[in-house]
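No lab work stands behind these numbers, since they all come straight from the coordinates. Note that this is a predicted model, so its numbers are computed, not measured. No Cβ is skipped: glycine too gets one built from the backbone with ideal geometry, and neighbour counts run over all protein chains shown.
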Amino acid sequence: MKKSSLFISAVLTTFVLAVLAGALTAYRSFASSNQASAKPPAPVAQLAAPTPTVISPQDAAQIAAQYIHRSDLYAVESKAFSGASAYMVTFSSGDVVYVDLQGQVLSVIAAPSIVNVTTDPLPIPPSNPSSSDEHEDDDHD
């Protein structure tokens with residue numbers, strides 16, 4: 001082979017390698033910038049309404065006892081009050097307090113009071129015996 005052919009071949013090979021290296025470098029930088037932009041954006045903290053805290057039956061009993069100033073707790077039950085879930089706290093006295101699941105007192109139902117009323121019986125008027133015996137003594141002939 002002639003030296004000129006060898007020189008042209010070397011120059012063309014170097015040129016092709018340089019172009020290939022440049023293309024590879026450009027591809028890598030493009031790929032890395034795409035990966036960085038392809039990452040999903042960091043989630044934005046959305047201001048959601050806080051979830052209401054649900055109280056326990058023991059907490060409902062304590063709230064009810066403090067509300068009506070009584071300590072003679074009898075029972076706590078889950079009941080519906082006006083279509084909403086609530087705790088029905090019953091006291092030995094018969095008082096009932098409804099507390100919602102967030103701790104608000106919904107209603108207080110006082111125990112019915114029993115009033116003992118004694119009445120004297122009405123006096124019975126005396127009968128008049130002389131009016132009925134009057135006609136029997138007369139003899140009619």
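Quick rundown of the values:
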item: Contour minus Cα-Cα distance for Ser107 and Ile8 (0.36 nm per residue); result: 25.6 nm
item: Ascending count of other beta-carbon atoms within 10 Å, so fewest first, for Arg28, Arg70; result: Arg28, Arg70
item: Distance in nm between pseudo-label sites at Ser127 and Asp59 (7 Å out along the Cβ direction from Cα); result: 7.5 nm
